[in-house]
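K.L.:
Quick one: the structure is below, and I'll ask about it shortly.
The values are calculated or read from the model by the stated rules, or taken from the named source; none is laboratory data. Worth saying up front: this structure is predicted, and the values here are computed from it rather than measured. Note that each Cβ is placed from the backbone with ideal geometry, even for glycine, and that neighbours are counted across all protein chains shown. The accessibility values were calculated without ligands, DNA or RNA, using every heavy atom of the protein model including side chains. Shrake-Rupley method; radii C 1.70, N 1.55, O 1.52, S 1.80 Å.
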Amino acid sequence: MKIQEVVDRILSYHPSIGDRLTCDSFKCGHPEDECTGIVTTCCCSVQVIREAIKLGANLIIVHEPVFYMHMDPTDWLENDPVYTEKRALLDDHRIAVFRDHDHIHSHRPDGIRYGVMKELGWEQYMVFDPQLVGTKSDIHVKLPKTTVRELALEIKEKMGLNGVRVIGNLDAEVEYVAFAGHITGDREQKATQLLMRDDVDVLIPAEVIDWTALNYARDAAMLGKNKAILNVGHINSEELGMKYAAKWIAELVEGQVPVTFVKSADLYSFV
Ligand SMILES: [Fe+2]
Ligand SMILES: [Fe+2]
């Protein structure tokens, strides 16, 4: 099966996004080559490329940008050694990288969030939430009662993180968790309003800024309220979505090409 054929099958699996400008495209490689193996990952780091080489895979399906900007322009990087060395690793091994971002997020519920739910084993706890449907954070769960600490430890373990930055009282009892997407720009107030709801105890955001919803959560906890934020980091919050993607891509290629999920691993270490 050619690399292009694999990508065609993935795009036909996704809902159409019409003819709007999209970042979903090949970032490098030779789509006409025979596909020797597929790697899925959230972020195509140098370590992920090395793993793909070890696996003999020549197609990486990634969710986030490869070269540090949304549409992955490279003209501004031409003379930078980090870019040239990373690019050489890909080109020397004829590895193609295809970004699947807008298409996978066009599913309802969101393809990344749903995959995260499946991999967390929280699918059974999903609650249908009319206010969230249609937004990027259309995932809301009602878990068996737990504490902020227990929840943070569960997330740390299942996402394979080095640590979780927690805002709130670690011993507070919680059950409702909402994935909030990015708490930036026009979504800051919406995220804070989300946390104000009686049926939201904990937010798990992607990109954050400290002084809106996060600050609200701290004040709420200091006033004895069971509000918390588990700040796992943007890429970490979506990584399990690409782990789940390896499963439906394996079905799409009908076992003709090996598919492996390679973690881009926690961006952060903690000292
Ligand atoms: Fe993202
Ligand atoms: Fe995303």
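K.L.:
Taking every DSSP beta bridge with both residues inside the stretch 111-231, roughly what % is antiparallel (nearest 5)? Display every interim value, and only then the final one.
P.N.:
On the way: 10 of 17 bridges.
Among the beta bridges of the stretch 111-231, antiparallel pairing accounts for roughly 60 percent.
K.L.:
While we're looking at this one, here's another question. May I ask for the net charge around Val166, where only other residues with Cβ less than 11 Å from the Cβ of Val166 are counted and Lys, Arg are +1 while Asp, Glu are -1?
P.N.:
Surrounding charge for Val166 is +4.
K.L.:
How many nm is it between the label spots at Cys23 and Glu254, if each spot is 7 Å from the Cα in line with the beta carbon?
P.N.:
The two pseudo-label positions are separated by 3.4 nm.
K.L.:
Right, something else. Could you tell me the accessible area of Ser12 in Å² (1.4 Å probe, neighbours in place), rounded to the nearest ten?
P.N.:
Using a 1.4 Å probe on the heavy atoms, I get roughly 90 Å².
K.L.:
Can you give me the accessible area per residue for the chain, using a 1.4 Å probe, in Å²?
P.N.:
For the chain, the per-residue accessible area is 47 Å².
K.L.:
Starting from the stretch 1-96, pick out the trypsin sites (Lys or Arg not before Pro) whose DSSP state is loop and whose Cβ has at most 14 other Cβ atoms within 10 Å.
P.N.:
Arg20, Arg94
K.L.:
In addition: Only bridges whose two residues both fall in the chain count here: according to DSSP, what percent of them are antiparallel, nearest 5?
P.N.:
The antiparallel proportion sits near 40 percent.
K.L.:
Within the stretch 183-201, find all residues whose amide N lies under 17 Å from a label point positioned 7 Å from the Cα of Lys225 along Cα-to-beta-carbon.
P.N.:
188-201
K.L.:
Evaluate the relative contact order of the stretch 111-231 (contact order divided by residue number), counting alpha-carbon pairs under 8 angstrom at least 6 apart; express in whole percent.
P.N.:
Details: 200 pairs, mean separation 29.9, N = 121.
Normalised by residue count, the contact order of the stretch 111-231 is 25 percent.
K.L.:
Could you list log10 I(q)/I(0) for the stretch 111-231 at q = 0.12 Å⁻¹, which the Debye formula gives when each Cα is one point scatterer?
P.N.:
Per q value, in the given order, log10 I(q)/I(0) is -0.38.
K.L.:
Please list, or write none, the lysines whose alpha carbon is within less than 24 Å of the alpha carbon of Lys54, excluding same-chain residues fewer than 8 places away.
P.N.:
Lys2, Lys27, Lys86, Lys243, Lys247, Lys263
K.L.:
Using only alpha carbon pairs under 8 Å that are at least six residues apart, calculate the relative contact order of the chain and give it in whole percent.
P.N.:
23 percent
K.L.:
Need the full-extension length gain, Glu157 to Asp75, defined as separation in residues times 0.36 nm minus the C-alpha distance. One decimal, nm. Walk me through the numbers on the way to the answer.
P.N.:
Numbers: separation 82, 0.36 × 82 = 29.52 nm, distance 3.93 nm.
Taking Glu157 through Asp75 to full extension adds about 25.6 nm, to one decimal.
K.L.:
Here's another thing I want to ask about it. Can you list residues from other chains, or at least 5 along the same chain, whose modelled amide H is less than 5 Å from the amide H of Tyr176?
P.N.:
Amide H to amide H, under 5 Å and 5 or more residues apart or across chains, Tyr176 pairs with Leu143, Asp201, Val202.
K.L.:
What's the carbon and sulfur percent of the chain's accessible surface, probe 1.4 angstrom, rounded to a whole number?
P.N.:
Carbon plus sulfur share of accessible area: 52 percent.
K.L.:
Given contacts defined as C-alpha pairs under 8 Å and at least six residues apart, what's the relative contact order of the stretch 1-144, whole-number percent?
P.N.:
Details: 205 pairs, mean separation 37.3, N = 144.
Reported as a whole number, the value is 26 percent.
K.L.:
Another question, if that's okay. Taking every pair of Cα atoms in the chain, average 1/r, invert it to obtain the Kirkwood radius, and report Rg/Rh to two decimals.
P.N.:
Here the Rg-to-Rh quotient is 0.99.
K.L.:
So what's the net charge close to Ser25: Lys and Arg +1, Asp and Glu -1, counting the other residues with Cβ under 9 Å from its Cβ?
P.N.:
Residues near Ser25 contribute 0 overall.
K.L.:
Would you please give the FRET efficiency between Lys118 and Thr147, computed as 1/(1 + (r/R0)^6) with r the Cβ-Cβ distance and R0 = 30 Å, to the nearest 0.05?
P.N.:
0.80
K.L.:
Please work out the C-alpha center-to-center distance from the stretch 79-110 to the stretch 223-271 and express it in whole Å.
P.N.:
16 Å
K.L.:
With r as the distance between the Cβ atoms of Leu170 and Arg94 and R0 = 35 Å, compute the FRET efficiency 1/(1 + (r/R0)^6) and round to 0.05.
P.N.:
Computed FRET efficiency for Arg94 and Leu170: 0.10.
K.L.:
Now, a different point. So how exposed is Glu5, as accessible area in Å² (1.4 Å probe, rounded to 10)?
P.N.:
Surface open to solvent at Glu5 totals about 70 Å².
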